[in-house]
Ligand SMILES: Nc1ncnc2c1ncn2[C@@H]1O[C@H](COP(=O)(O)OP(=O)(O)OP(=O)(O)O)[C@@H](O)[C@H]1O
Ligand SMILES: [Mg+2]
């Protein structure tokens, strides 16, 4: 087993249990997984199998009921809520299924928001966002509000936002679920490119076979547990 | 620091996004702030009027006198010359002179006034005619003849009731008797130059004004005085002036030869009346702003409820719960701050524009309103004190903060994973 501090993510015997009325729901069951830096991984599995919950645990949005989680070498289980927030700011980018953007900010402002919180200076922010917008085909959309962008364009802005702050890890929960196939392909292509060119680690939770096909590693979950974990050649 | 800027930007843009709700709440704040300014300025104007009338008939905004003078009104309770010089020096100093409108030094003794028709007890106030005319109001209440003038020597200005009792008319002679500096009874013949009617029975039947120089010769007290009354432009300056005078008169005060008395001490009933009236007003403002405060709570809370997902995104991006709460607090505060400033400015401007020359309440007050022996002018001139602007803005911001705290806590405590569920 490799040193947990060198991988992007490592979990050890993670459980997440919800209590609903008298029932106990184990959304995540004894998950031990390691994701190396630069991987492009998909979590697949039927609805309710615990993909979202596992991503939330890894992203520090919710705490595991049992077990340990490391992100970029730091143990999340020992952190306070503000510390988790700072870890997300510095190390984790998120792309959700939809409505990722702050409606009152423009595409540019949305994309640079995490960098602004990080205190990165305006020139650097503009340079990073400008380059990514060009690469991702959002040229000329900088001043538009989310309402004036298509679903695919909004998702691309969210992707730029998630990577521009140079996190160790980007977590994407069903990023293509609201997109048509052309938009999905375009979005996945740019994420794959960013992964290959910049070495950014991506973890997806998805039902979308297009996503699974593009991933080098496919982890299947059933009832909160890992059923299979395959790396494609 | 820059991310503070972006939080403010977020707050303002969100307020603009909810324009109708924002305008509605802001209007309530603007009207509240305007009403507050209107009624505060009128309240302060009313109180200033009460105080002004009170102190002009009494001992001034600030009185410097012998500590025993007030209870006895005897000639022996005079101010030492050194104390009087010190007072005059303070009053001439530029900082104080700017606040002081008038000072009148006087010698007040109790004695008798007699004519062929009889004798009556009298309060004899020997004054400098010019200073006292500027200080008091009694010189404007002449019904016959005139007030004292600088060249007058054997002149007396008497109340209408006393004049009737002693059968006095203009130019009538009367004799004033009192204890002199040697504790001997001394008499002085004077002539009536004017008769006044103040409307206050105790004054009209006993108070006589006469020239200070004449009294000094008559009583052997030279240029000595028993008390000095000082008037200031704004009663808010009184406590500062009292402090300055007490510091300058440290020695005579320590030796029991002088006392500095502010109007609140001299007229506790008037001070209490002002305080009670203020309290009543504050209660009304308090209720008004609690209602407005609920409006703010409602606006800000609604906007939090409708934006759970947004706050979830903010926290996923790395805002701490505290910072998420701060976004909401900023929103509530900027809403209140902007509308408070507009409301207060507007209220002050409209009050000044329409009622700057005074509001006539004579219809509501009837003929003449007296208040513990003081006649009140029915025309109220609104008074704008800078401290009131600061107080009002602070008060409204306080209400805004308190009203935004609950919504801010709600936003800070949202369950991020719950708010990010797609089907909500
Ligand atoms: N807050 C919660 N309270 C109770 N049960 C929950 C909660 N969140 C998730 N669950 C349950 O945990 C299980 C896993 O949910 P999760 O959302 O992680 O599944 P998923 O694999 O992401 O499903 P989908 O593909 O539909 O998005 C489900 O049975 C769900 O009902
Ligand atoms: Mg899910």
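Being closer than 19 Å to residue B:314 by Cβ and within 16 Å of ligand 2 (Cβ to nearest atom) is the filter here; which residues of the range A:53-85 pass it?
A:55, A:56, A:59, A:61, A:62
Looking only at residues that are more than 13 Å from ligand 2 (Cβ to nearest atom) and assigned to a loop (DSSP other than H, G, I, E, B) in the range A:35-52, which one is nearest to residue A:69 (Cα to Cα)?
Applying the filter and picking the extreme gives A:36.
Run down B:222, B:240, B:229 and say which single residue is at positive phi and modelled with pLDDT under 95.
The match here is B:222.
Out of curiosity, is residue A:107 closer than 21 Å to residue A:196 by Cβ and surrounded by 21 or more Cβ atoms within 10 Å (Cβ to Cβ)?
Judged against the criteria, residue A:107 is not a match.
Where residues in the range A:89-110 are in a helix (DSSP H, G or I) and closer than 13 Å to residue A:166 by Cβ, which of them is farthest from the other protein chains (Cβ to nearest Cβ)? Outline the logic, then answer.
We begin by selecting, within the range A:89-110, every residue in a helix (DSSP H, G or I); these are A:89-91, A:107-110.
When the remaining residues are screened for being closer than 13 Å to residue A:166 by Cβ, the result is A:89-91.
Working: A:89: 3, A:90: 7, A:91: 9 Å.
Per the criteria, the residue is A:91.
Here's the yes/no breakdown for (1) touching a helix residue (DSSP H, G or I) at 6+ places or on another chain (Cβ under 7 Å); (2) at pLDDT 85 or above; (3) in a helix (DSSP H, G or I):
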| position | (1), (2), (3) |
| --- | --- |
| B:5 | no, no, yes |
| B:12 | yes, yes, yes |
| B:15 | yes, yes, yes |
| B:20 | no, yes, yes |
| B:26 | yes, yes, yes |
| B:32 | yes, yes, yes |
| B:35 | yes, yes, yes |
| B:41 | yes, yes, yes |
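Restricting to the range A:64-78, give me the number of residues that are within 14 Å of chain B (Cβ to nearest Cβ) and surrounded by fewer than 17 Cβ atoms within 10 Å (Cβ to Cβ).
So the count comes out to 1.
State all residues of the range A:157-190 that are more than 14 Å from chain B (Cβ to nearest Cβ) and either within 16 Å of ligand 2 (Cβ to nearest atom) or in contact (Cβ under 8 Å) with a residue 40 or more places away in the chain (or both); if no residue qualifies, say none. Break it down into steps so the answer makes sense when it comes.
Step one: list which residues in the range A:157-190 are more than 14 Å from chain B (Cβ to nearest Cβ), which gives A:180-190.
Within the range A:157-190, A:186, A:190 meet the criteria.
From the list B:84, B:56, exactly one residue is more than 30 Å from residue B:296 (Cα to Cα), touching a helix residue (DSSP H, G or I) at 6+ places or on another chain (Cβ under 7 Å) and not in a strand (DSSP E or B). Which is it?
B:56
Can you work out which of the residues in the range A:25-63 that are over 20 Å from residue A:202 (Cβ atoms) and away from chain B (no Cβ under 13 Å) is farthest from ligand 1 (Cβ to nearest atom)?
A:32
Could you list, ordered by first residue, the pairs with Cβ atoms under 8 Å in which the first is in the range B:325-349 and over 12 Å from residue B:36 (Cα atoms) and the second is not in a helix (DSSP H, G or I), at least 6 apart or interchain?
From the range B:325-349, the pairs are B:327/B:319.
Which of the residues spanning the range B:252-281 are free of Cβ contacts under 8 Å to residues at least 24 places away in the same chain and assigned to a helix (DSSP H, G or I)?
B:253, B:254, B:265, B:268, B:271, B:272, B:275, B:276, B:279, B:280
Give the number of residues within the range B:219-259 that are more than 25 Å from the chain's Cα centre (by Cα), surrounded by fewer than 16 Cβ atoms within 10 Å (Cβ to Cβ) and closer than 18 Å to residue B:131 by Cβ.
Result for the range B:219-259: 2.
For residue A:211, which of the numbered conditions (1) within 22 Å of residue A:138 (Cβ to Cβ); (2) away from ligand 2 (no atom under 16 Å from the Cβ) fails to hold?
(2)
The values are calculated or read from the model by the stated rules, or taken from the named source; none is laboratory data. Every value quoted in this text rests on a predicted model; they were computed, and no experiment measured them. FYI the Cβ positions are ideal-geometry reconstructions off the backbone, even for glycines, and counts take in every protein chain you see.
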